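Okay, so here's the structure we're looking at.
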């Protein structure tokens, strides 16, 4: 391995969606340096934070057709039973299902990953409000992108929810795509939340307050809903 390749391997990759923002922050920093250097240094810190926000580190996803992994980095803010949003009702029904909510702060990696291998059966973008994504009512009120993933004979609902600061959900996949667990499916800018709706009878394997790592943390095992033995970490 060359010295240059060795140096590059030490840096976390940045997603291409972040380049325009990082460039804009850097340009503003240069202008601020021209007027007053302390402001320029503040701009430099803001540029570094922007690069940190758009980081896209590689992930190693556990192997298993029935495993469900976290779709986002962040804090498990809620583990409960809840009725899916109205746009998912035609497929998932209108009864409460196990739901895991992951809240992403502005310091978390915001690249979202597919929780399970399968096919994107439906994808619906719904315009809405931008209230605090940590609130339970954000599931119904906020702007969001909802997906149904058909996997291993089951269906999983994934809802990307824009937050108080977030103003755009960037989608990397389309309806009908075949996706693998841990594959990148989108990005939400500047603070948001992702909900996962599990099939009825499947028990979540995470607890509120736990930190999730997208594409790596196992949050459920679909076998648990079929009378099988659940996979557990640790």
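The values are calculated or read from the model by the stated rules, or taken from the named source; none is laboratory data. Worth saying up front: this structure is predicted, and the values here are computed from it rather than measured. When we count neighbours, we look across all protein chains shown, and the Cβ atoms used for this are built from the backbone with ideal geometry, even at glycine.
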Pull out all pairs, ordered by first then second residue, where Cβ-Cβ is under 9 Å, the residues are six or more apart or on different chains, the first lies in region 9-23 and is loosely packed, with under 10 Cβ neighbours inside 10 Å, and the second is at pLDDT below 75.
9/1
Among the listed residues 103, 25, 107, 33, which satisfies the condition of being assigned by TED's automatic domain parsing to the domain that holds residue 212, out of contact with any strand residue (DSSP E or B) (no Cβ under 8 Å at 6 or more places or on another chain) and on the phi < 0 side of the Ramachandran plot?
107
